[in-house]
Amino acid sequence: MHLTNLKLQTINSRIYSHIHLINGLTIKACAVLILTVLFSISMVAQDQIKKGTYALNGSIGFSSITSNQGTHKFDESNFSFYPSISYFVIDHLELALSPSYSTYSSREQSSSSHDNSGKHLGLGFGIRYYFFATNIAPFIGANAQSSWSSRNGSTYSSPNSYGIFVVGVDIFIAKSLAVEPALSYFSERLGDQFTLSGFSLVIGVKYFIIP
């Protein structure tokens, strides 16, 4: 009887040891898997914001506005296109060249209708700094812009220069593709007496070319 109990204790001890070993291996395997996944995710944004990476960015906007001012009614539509190409000179720091194109047309609906239309051409230079992140990379930046305007087919005006400050985030939906919502503040001086400033919210798409 004593021998039988001893055998049972030995068997139970071995079973417990195997279960403990399996549990230990399972926990270790899960830990390794979790760390591997987290490391892979953390590398998603890091790979894209390293020195030597090129990026193509672009956003398109359209708006249609109707306003009433007393007996006058105005219909206005705007279209804008903002492409850019950028390069990471060092890790996390990006320099960008940003042309822009926009058009507008307005019509006053009154007893004597008046139509107006115009175009804006722009060229800017920007700098951004990306913070460390996983698959989400927040950034801050600034742009120096120059723009030329033409109204009703006239020749383009002298350039107006202005600055833009921007904060945003790149949300990676693929290894080389990110959606980019951003909030910007701009201030532009028009002539000697007028200053135009305000905020704008833009959502763009950015494609990273990894070396």
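The values are calculated or read from the model by the stated rules, or taken from the named source; none is laboratory data. Note that the coordinates shown come from a computational prediction; the quantities given were computed from them, not determined experimentally. No Cβ is skipped: glycine too gets one built from the backbone with ideal geometry, and neighbour counts run over all protein chains shown.
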Suppose we filter Lys51, Lys73 for residues that are exposed (fewer than 15 other Cβ atoms within 10 Å of the Cβ), at pLDDT below 85, out of contact with any helix residue (DSSP H, G or I) (no Cβ under 9 Å at 6 or more places or on another chain) and outside any helix (DSSP H, G or I); which single one remains?
Lys73
Do any residues in region 63-87 that are within 14 Å of Ser117 (Cα to Cα) have Cβ atoms under 7 Å from those of residues that are at pLDDT below 75 and surrounded by 14 or more Cβ atoms within 10 Å (Cβ to Cβ), where the two are at least six apart or on different chains, and which pairs are they?
Phe74/Glu108
Testing Ser154 on (1) within 14 Å of Gly124 (Cβ to Cβ); (2) at pLDDT below 90, one condition comes back false. Which one is that?
(1)
Consider Ser176 against the criteria (1) within 27 Å of Arg107 (Cβ to Cβ); (2) of a type in the set (S, T, N, Q); (3) at pLDDT 90 or above: it satisfies all of them except one. Which criterion is unmet?
(1)
